[in-house]
Amino acid sequence: MNKILATLAALAIAATSPAAIAFDQLERFAPLFSDDPQNPLVFTYVAPLGGFTLDNPALYGTDDYVLLNALIDGTGVDASTGIDFPQVTGMLSTGQPPSQLTVLFGKPGFLDASEAALTKRGFTRSEVASLTVMSKGEDYALDLASADDLLGSGMGKAQRLALGEDFLLRSAGWPELNTALANLENPVPTTALWRATIAGLRQASGESWLDTAIGWNAVGFLDVGDPAQVLLNPDSAKTKQPASAALPVFPHAIIALTQDGGAAAVRIALPFGTAEQAQQAGTIITDRLLAQPSTADTQPSLAVETVASFFVAVVTIEVEGESLADTAKRFASQNNAVMQRGYEVLKLGL
């Protein structure tokens, strides 16, 4: 077994229940997370309980609609890619084009027909770190004549496809693929903190299934004032702490949607260096949620989870009797506010 596959196997926590699978997948591939501190969005991960179906309200977070439609519409092994789409269990995306990485997770063997199918379409086979890699096109090239390619993002993107036993890793250029495979074998230092955050989220979630999670860098929560005004007049950026109690500084946050039986929840996880900081942050976040019209109808709960040398504050919003669809809307609204730089719940002062 090559070093990368051996490393991934060692990192994969034995699943004591089906609910552990989604957390395992996210934690295993944390070494791939984008390390650009100026980009607020770090990753999106979706593994909806019940599968990739059009009517699943937990299906949220991917912007590759060609691939998403293939997952929704797939009824068996796809002739053009060899992917058994009904066997796909999750999808992870990290980084910004053209350096974006995408991972499809599936049941072992879901790629058994891929090498043959891609070879027929002119892909070139090579081997990187003992993984089969199928490639086509110059780095980052677009070929609109092949825009219907299910793995070309609707633009005929160049492809570098690393085929694992239970995953497919896609990039549009060799530099990103080589770096990704190297990081899986030898994770960068920041991976430990991401893994701790994911582990803390897992511990606080109990037996809940992780439907989707979005990772954000702290830069997405800086209180700079009106972004449009700051763009026109950089000197107008705020330099004072917000009037409400200031949050202890944190490096990143994960906002997740989980469900357990008939109950769904939105969870917010942040890592800290001390238990006191985690407790303080969780209390402030809870108070801020209660001050928001969209979350004032419930009492959030707080757990401080110890993971190695880190302390992860996990705030949970769970409304008794609320449908999965309504909780999913609540989850979407939290992340949309972050994207628009208007998420007061995690706002940091400058």
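Every residue in region 41-69 that is surrounded by 15 or more Cβ atoms within 10 Å (Cβ to Cβ) and either in contact with a Phe, Trp or Tyr (Cβ under 6 Å, 6 or more places away or on another chain) or free of Cβ contacts under 8 Å to residues at least 12 places away in the same chain (or both), please.
Val42, Phe43, Leu49, Asn56, listed by residue number.
Do you know which of the residues in region 309-349 that are in a strand (DSSP E or B) and open to solvent by 40 Å² or more (accessible area, probe 1.4 Å) is nearest to Ala269 (Cα to Cα)?
The extreme case among them is Phe311.
Which of the residues belonging to region 206-216 are over 24 Å from Glu344 (Cβ atoms) and buried (at least 23 other Cβ atoms within 10 Å of the Cβ)?
Ser208, Trp209, Leu210, Asp211
I'm told Val219 meets every condition in (1) surrounded by 21 or more Cβ atoms within 10 Å (Cβ to Cβ); (2) closer than 18 Å to Gln334 by Cα except one. Can you identify the failing condition by its number?
Just one mismatch for Val219, condition (1).
Can you name the residue in region 245-299 that is over 26 Å from Arg195 (Cβ atoms) and of a type in the set (S, T, N, Q) and, of all such residues, is least open to solvent (accessible area, probe 1.4 Å)?
Thr295
Quick check, is Pro86 at pLDDT 95 or above and surrounded by 15 or more Cβ atoms within 10 Å (Cβ to Cβ)?
When the stated conditions are applied, Pro86 passes them.
For region 102-195, give me every one of the strands (runs of 3 or more DSSP E) that falls completely inside it and has 2 or more residues that are open to solvent by 40 Å² or more (accessible area, probe 1.4 Å) and in contact with a strand residue (DSSP E or B) (Cβ under 7 Å, 6 or more places away or on another chain).
The qualifying strands (runs of 3 or more DSSP E) are 124-128.
Taking Thr306, is it in contact with a helix residue (DSSP H, G or I) (Cβ under 8 Å, 6 or more places away or on another chain), open to solvent by 30 Å² or more (accessible area, probe 1.4 Å), assigned to a strand (DSSP E or B) and not hydrophobic (A, V, I, L, M, F, W, C)?
yes
Answer yes or no: is there a residue in region 270-282 that is in a strand (DSSP E or B), under 19 Å from Glu344 (Cα atoms) and modelled with pLDDT of 95 or more.
Yes.
The values are calculated or read from the model by the stated rules, or taken from the named source; none is laboratory data. All of these numbers come straight from a predicted model, not from anything done at the bench. Backbone-built Cβ (ideal geometry, glycine too); neighbour counts: all protein chains shown. What goes into the accessible areas is simple: the full protein's heavy atoms, side chains included, and nothing from ligands, DNA or RNA. Shrake-Rupley method; radii C 1.70, N 1.55, O 1.52, S 1.80 Å.
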